[in-house]
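Following: one structure in structure tokens, then a few remarks.
A short reminder: the numbers here are calculations on the coordinates, not readings from a lab. None of the values given here were measured: they were computed from a predicted structure.
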Amino acid sequence: MRCLRPFPYLWASPGSLIGLLLTLVALMTGGRARVVSGVLEAHGGWVTLLLHRGNRWTGSIAAITLGHVVLGCDEATLTRTRRHERVHVRQYERWGPLFIPAYLLASTWLGLRGFNAYLDNPFEVEAYAIDDPRAGDPM
């Protein structure tokens, strides 16, 4: 059973801690949270406002994974993006505390070389591949 394997949770915990803090913000500002298949999913409150604001590279963000925490704009978005975000959960389990620096370095490198810093990022390429019907069903 996935929830009984502590090492992946510990290894991904730096990202999860950030996600837990943002989950608290969501809950304190009217949001909701629940655990789905060993991953904490949160939405609403200020987290939705932060995600809608987005960033300069991608604009508005539908959902974001931080370790074993997924933050989304609303419950429908969390459902729609669940397969994509679970790929990122598995990436956190592989990369642990190196995931965020590796992701940011890959995006920076790609952006400096004229590629799309988000869509060409190998972490996103892997996650978006599950949405491609030619890629088969990895789940």
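Please list 3J(HN,Hα) in residue order for the stretch 80-86, calculated via the Karplus relation 6.51 cos²θ - 1.76 cosθ + 1.60 where θ = phi - 60°; whole Hz, with x for glycine and proline.
Per-residue couplings from phi come out as 5, 9, 4, 4, 4, 5, 5 Hz.
Pull up all non-local amide H partners of LEU66: gap of 5 or more, or a different chain, and H-to-H distance under 5 Å with H placed in the peptide plane.
HN-HN under 5 Å from LEU66: LEU71.
Calculated from the structure, Rg/Rh (Cα atoms, Kirkwood Rh) equals which of [x] 0.96; [y] 1.38; [z] 1.44?
Of the listed options [x] 0.96; [y] 1.38; [z] 1.44, [x] comes from this structure.
Where both partners of a DSSP beta bridge lie in the chain, what percent of those bridges are antiparallel, to the nearest 5?
Looking only at bridges with both residues in the chain, the antiparallel portion is about 70 percent.
Beyond 14 Å, how much of the Cα-Cα pair distribution for the stretch 11-57 remains, as a whole percent?
53 percent
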